[in-house]
Structures are given as C-alpha cells and as structure tokens.
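See below for the structure under consideration.
The values are calculated or read from the model by the stated rules, or taken from the named source; none is laboratory data. Just so it is clear, the structure is predicted and the values come from calculations on it, not from any experiment. Methodologically, a virtual Cβ is constructed for each residue, glycine included, from the backbone with ideal geometry; neighbour enumeration extends over all protein chains shown.
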Amino acid sequence: MPEPDFCARVVAACADDALVVGRRRHADLSALGRAGVAALAAGELADDHLPLLEEPQWLREGYARTRDLAEAGPDDWRYVISAVLALPRAVFTALGGFDASLVGYGGEDWDLAYRAWNAGIALRHVPNAVAWHDGPDAAGRQGFAEAKEHEQLALAERIPQPSVRGHGGVWRQPRTVVRWQVGEMTSSAQHACLLSWLALGDVEVRPDRRLHTPLARDPRVTFSGDDALLARAEFLVEIEGAIELCEPAEFLATLGVGPHEARGVAGARTRDRALGVAARPFAEGILMSLDPSARVDLEAQGRRP
C-alpha cells in the first residue's frame, strides 16, 4: 500500500532513464482495522500507532553501503525489489520487461535489475518513497526455504555471475561471449587459440568460420550464436586472428576494473561497453600473438608451465 506521495517521488527519481526502488516497510495491517488502514493510506498515522514488523536488515545495509545505489557495483542489483519498483516505460520495453518464463515466487525483479545494470541503466534508491507491506518479509513466511531454492536455481540459468550460479558447468547463458574473426591460420593454431579461450570456463566462443579442430564440437563453440544471450553476458570480448589467452583468471579480473584492449583483442563488461567507458591496454603476459602460419606443437604446448 503506497503512501500518498509514493508515485510522485519514484517518478521524479526516474529522470535520466534510471531504475528506481523505494522503501518497503512492514506492518500487521490486519491489526489496524479498516479505519486504521484508511488513515495510514492518507498518511495520517505515525509509527508509534502502527503494529510494525522488522524491515530486512540486508536491504538497509546494502542501501547504506552503496549510498542508496549511487555507488552500486556488479552484484548490487540484488537491492532492487519489485514491490516498490519504478522505471520509464521506454526502458522497461527496451529491456524486454519481466521474464514471463519465471513461474512461482521471486526472481523476476532481480532478473530485470541485472539486465538493466548490464545495459548501463542507473540504479537509485529513494528512501522517502514508502509503500507498506501487510505482513513480514519473505524470509518470515512459511515455505520460504523451498521457494528460495526454486528462485536460486531459476536465476542461475539466467544471471551468469559466479555469485549466482557458482563455478563450473556448461550453461546456455554464458558469462563471457567471445566473438572471433579467425582469419587464415593452420589447424593447430586454431586449436591452440580456441583451447586457450575455452579455459575461461563459463564462456561461449563464436568463430566467424568453420574450424578444423575437434574442439569445434565443444558445446561452448557456436557458429550461429543467439544474440539474446549477449544482453545477459557479463563480459563481451572481440578477438581477431591468432591470439592466445595465457592468464584466464587475470584476464577477467582485468576486465572487471574496466575495458581493456590490445592488438587484436578488445574486452569489457557489457555494462561498461554500453556506457562507452574508455579502454586501457592489457598488461604484459595476459595475451600472446601466435604466428597464424605456424604448425603449433600441441604436445610441447601442453607441457608448458
């Protein structure tokens, strides 16, 4: 139940195409009776006249740490809850709205907020835009553990961050998408390059031509990629020619602090790319150029430290 000025405050905060979340407060509204609820709706009841229930501590801490989402980081879309959500219609439409394939409790707000964050949309919390929830937060309701398990597994399919899905596995939605302009090179050079990029693990590699290596049958290699997956991928990488990835973990850590590029390689968070953040050069040792005409000794390469 929104307070009288809730809509005005969240709409005002939607300027610059932001995604806005207000403050959800909890009370046992059934204890107020009809007259009490009407008085609350009119903004005529003070807190000391309300049967208050506890607000989620994790939300309060998250808003404080991020300065009401002004300093939101890659995982802070979790502080967007759809009970008090607002965003411009054009942004909602551009994002594709809520994922209607999510059935049952939870997940649709976090999924939308993650996609908004990835697209470069600003997140904002408006603490004085208040709406009341009749009853406790979800964690205080019966059957919450089962519902939360269902939500987590559904989001693991859709949000490709290790903090959501853990490490390991081959997913339809990859964390990183690598688009590769292969060019002319030997089969063994193709194999060596592809093997190095697959070491990213949660990745989809999209060569622009058929490859002459058994690794082309790896399910993470696709020659007709689904562009819908690009919007959800956390990292986007473009490579051209015979480029070998030497330090997969350091590569992703480097992109985590901003876009980087080198001759033949450009990589960034999807969000940073959407915002047009300037790229910096990669540190030495993360990438290596191969001679595309060389016959790579794969056995010797496998024995490399």
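Against the definition (at pLDDT below 95 and either surrounded by 19 or more Cβ atoms within 10 Å (Cβ to Cβ) or not assigned by TED's automatic domain parsing to the domain that holds Leu69 (or both)), how does Gly107 come out, yes or no? So Gly107 passes the test.
Which ones in region 4-29 are part of a loop (DSSP other than H, G, I, E, B) and touching a helix residue (DSSP H, G or I) at 6+ places or on another chain (Cβ under 8 Å)?
Within region 4-29, just Pro4 meets the criteria.
For beta carbons closer than 8 Å, sequence separation of 6+ or different chains, a first residue in region 143-167 that is surrounded by fewer than 11 Cβ atoms within 10 Å (Cβ to Cβ) and a second that is not in a helix (DSSP H, G or I), the qualifying pairs are Ser163/Asp75; His167/Gly201; His167/Asp202. Across region 41-62, the number of residues qualifying as charged (D, E, K, R), loosely packed, with under 12 Cβ neighbours inside 10 Å and part of a helix (DSSP H, G or I) comes to 3. Pairs linking a residue in region 269-281 that is of a type in the set (Ser, Thr, Tyr) to a residue that is not in a helix (DSSP H, G or I), with Cβ atoms under 9 Å and 6 or more positions apart or on different chains, are Thr270/Ala119; Thr270/Gly120; Thr270/Val177; Thr270/Ala233; Thr270/Glu234; Thr270/Phe235; Thr270/Leu236. Being among the acidic types (Asp, Glu) and under 20 Å from Gly22 (Cβ atoms) narrows it down to one residue among Glu151, Glu71, Glu157; which is it? That would be Glu71, the only listed residue that is among the acidic types (Asp, Glu) and under 20 Å from Gly22 (Cβ atoms). Number of residues in region 70-83 that are part of a loop (DSSP other than H, G, I, E, B), farther than 24 Å from Pro4 by Cβ and touching a residue at least 12 places away in the same chain (Cβ under 8 Å): the value is 4. Does region 188-202 hold any residues that are among the hydrophobic types (A, V, I, L, M, F, W, C) and either surrounded by fewer than 21 Cβ atoms within 10 Å (Cβ to Cβ) or touching a helix residue (DSSP H, G or I) at 6+ places or on another chain (Cβ under 7 Å) (or both), and which are they? The answer is Ala192, Leu194, Leu195, Leu198, Ala199, Leu200.
With respect to the stated conditions, Ser187 fails to be within 15 Å of the chain's Cα centre (by Cα) and touching a residue at least 12 places away in the same chain (Cβ under 8 Å).
The residue pairs whose first member lies in region 39-56 and is over 12 Å from Glu3 (Cα atoms), whose second member is among the aliphatic types (A, V, I, L, M), and whose beta carbons are closer than 6 Å, counting only pairs six or more residues apart or on different chains, are Leu50/Ala27; Pro51/Ala27; Pro51/Ala31; Leu52/Ala27; Leu53/Ala27. Residues in region 168-184 that are under 16 Å from Asp218 (Cβ atoms), over 20 Å from the mean Cα position of the chain (by Cα) and surrounded by fewer than 20 Cβ atoms within 10 Å (Cβ to Cβ): Val182 only.
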